[in-house]
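To keep things clear, I will list the structure first and then write my remarks on it.
Every number here is computed from the coordinates shown, using simple stated rules; none is lab data. Values in this document were obtained by computation on a predicted structure and should not be read as measured data. Backbone-built Cβ (ideal geometry, glycine too); neighbour counts: all protein chains shown.
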Amino acid sequence: MPHAKYAKNRLWRWRSNPLRRRDDIVEAWIVLAAWTVFAVGGSVAGLVTAHAADEAFAAQRTERQRVRAMLVTDVPRAPAIGGTSGRRTTTVRWKASDGSTRTGRTQVDTGLRAGSRVTVWQDGHGRLTAAPLSSTEAAIESGFLGVVAAAGLAGLVFGAVAVVRWQLDRRRVDEWGREWDRVGPRWGHKTS
């Protein structure tokens with residue numbers, strides 16, 4: 001029996017009530033629509049975003065390839081100014097998949113001499129790029145992006161609902177003011 005009373009209290013805006021205003025019904029339907037859009041739209045947005053991100057990461061894993069490159073200059077052992085990692089940006093030379101020799105800048109470990117061999121990653125066009133995410137890292141990143149998409153949609157939906165409810169509240173306050181102006185003078189003497 002307590003569940004029935006709880007449900008009745010939760011649905012008070014739809015119950016027949018002489019004090020219920022048209023704005024209360026409008027607000028109830030707007031809130032219901034917002035929760036529906038959040039539940040369905042948030043799930044869809046999150047799943048679509050996660051799936052698209054996962055496909056993009058998979059495409060990167062297939063497109064990017066590891067190549068051996070040679071350092072053109074020495075890499076000092078000290079880390080870069082303000083840097084804390086043991087890596088620095090330097091110039092490397094490598095052969096692209098089409099056989100042409102390319103030169104570019106990438107991050108390598110510190111303390112290496114010119115002529116040392118390092119492994120770098122190139123994209124399908126032969127340009128240096130970062131290593132692709134592993135399938136586990138891609139799954140985590142895809143899930144995170146899906147959650148962010150769902151949260152973004154929730155923010156938009158609930159922000160729009162807050163604006164609409166604020167407008168309804170302003171309208172109700174104005175209506176109460178007009179009603180008070182009509183009823184107040186009938187109450188008789190004022191105490192001032």
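Structure above, values below:
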quantity	calculated
Stokes-Einstein D in µm²/s, Kirkwood radius over Cα pairs - the stretch 20-71 at 25 °C with 0.890 mPa s viscosity	164
Cut-off 10 Å between beta-carbons: net charge of the residues surrounding S142, Lys and Arg +1, Asp and Glu -1	-4
Rounded to 10°, Cα long-axis angle of helix 135-183 versus longest principal axis of the chain	20
For the chain, built as a Gaussian network whose Cα springs stay under 10 Å, the top-fluctuating residue of G41, G159, G111	G111
For the chain, built as a Gaussian network whose Cα springs stay under 10 Å, the top-fluctuating residue of V163, V92, V120	V163
Extension reserve of the R170-D123 stretch, reckoned as 0.36 nm per residue once the Cα distance is removed	11.2 nm
Integer Hz, Karplus 6.51/-1.76/1.60 couplings in order for the stretch 27-34, x for Gly and Pro	5, 4, 5, 5, 5, 4, 5, 5
Rg [Å, one decimal], Dmax [Å, integer] - the chain, C-alpha atoms	31.9, 101
Over the stretch 115-184 - Rg/Rh using Cα atoms and the Kirkwood inverse-distance radius	1.56
Relative contact order (percent, whole number), the chain, Cα cutoff 8 Å, 6+ residue spacing	25
Three principal axis lengths of the stretch 42-142 [C-alpha, angstrom, descending]	52, 37, 17
